[in-house]
Ligand SMILES: [Zn+2]
């Protein structure tokens, strides 16, 4: 009888271990994933996977919500990205909340001091949260890049975190004017000629995407979307977080058309795991699908 009980305990314990291990593998897989592109590697540093709620969708008809969401919710995430180039540059694109960022960098054997540049898509808290900790800057050796429009906008906003970042990184900040999507690209960092910045205004007045050019080009599109399940079939739907929902929708349609025509890989800060893939056209200028 006692032996039976002991056996039962051992089986429970083994089952528990197996389950914990499986969950851990899954978690770390969803938290940190790397993809090799031609000439650089993209590391997805996830700050967490979550479900978004229909309440953020602006003007979405009930029929759309019913068709494309699961009882009003859809997969969503908060990510930032690290791009490592062939010549050894470590480029961080946004800094998330700063929740899992440092653990994720650590898992790649990187210290904050090893990050050469930080490219900011915009200055919302889920993109710059990792830049200051306990009143101090977290990336002492990084040059920080953002669009002039974004800088000018946040300078005038009464937002403590954004003000803090702009003040504390003052000597490391570089401003630029991003290209329009169909314009000839201008390099923003001399040592990284494959990188260019493209305007996708609307979400914020200076919201910027970053294009890494190679045989397999990659566009990190920031917050162009927040609800892929809805905004791919209906890119005209913006979200409550967009400062200018109309311009955001225009940018989204323009970018979707461009990346689907040119077969450019995309990665997004709020796209659920794996957060990277390609866009295919269903109806030009109207509806698209995301293929992870
Ligand atoms: Zn965001």
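Laboratory data are not the source of any read-out in this text; all were calculated from the coordinates shown. Predicted model, so just to flag it, every value in this text is computed and none were measured. Note that we place each Cβ from the backbone using ideal geometry, even for glycine, and neighbour counts take in every protein chain shown.
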Using only Cα atoms, tell me the angle between helix 245-262 and the longest principal axis of the chain; keep it within 0 to 90° and round to the nearest 10. 80 degrees
When the chain is fully extended, how far beyond the present Cα-Cα distance does residue 171 get from residue 141, taking 0.36 nm per residue of separation? 9.7 nm
Put a dot 7 Å past each Cα toward the Cβ at residue 66 and residue 281; how far apart are the dots in nm? 3.1 nm
Sort the following peptides by mean Cβ neighbour count (other Cβ atoms within 10 Å, averaged over residues), highest first: 237-244, 222-229, 108-115. 222-229, 237-244, 108-115
Treating the Cα atoms of the chain as identical point scatterers in vacuum, please give the log10 of the normalised Debye intensity I(q)/I(0) at q = 0.07, 0.08, 0.11, 0.13 Å⁻¹, two decimals. -0.28, -0.36, -0.65, -0.88
What is the extension gain from residue 291 to residue 183, computed as 0.36 nm multiplied by their sequence separation minus the C-alpha to C-alpha distance, in nm to one decimal? 36.2 nm
What value, in deg cm²/dmol to 500, does the helix sum -39500 (n - 2.57) over DSSP H runs of n ≥ 4 give at 222 nm once divided by the residues of the chain? -9000 deg cm²/dmol
In a Gaussian network model over the chain where Cα atoms closer than 10 Å are linked, find which of 256, 166, 120 has the largest mean-square fluctuation. 166
Which order results if 154, 221 are arranged by neighbouring Cβ count within 10 Å, fewest first? 154, 221
Extension gain, residue 243 back to residue 155 (0.36 nm per residue minus Cα-Cα distance, nm): 30.1 nm
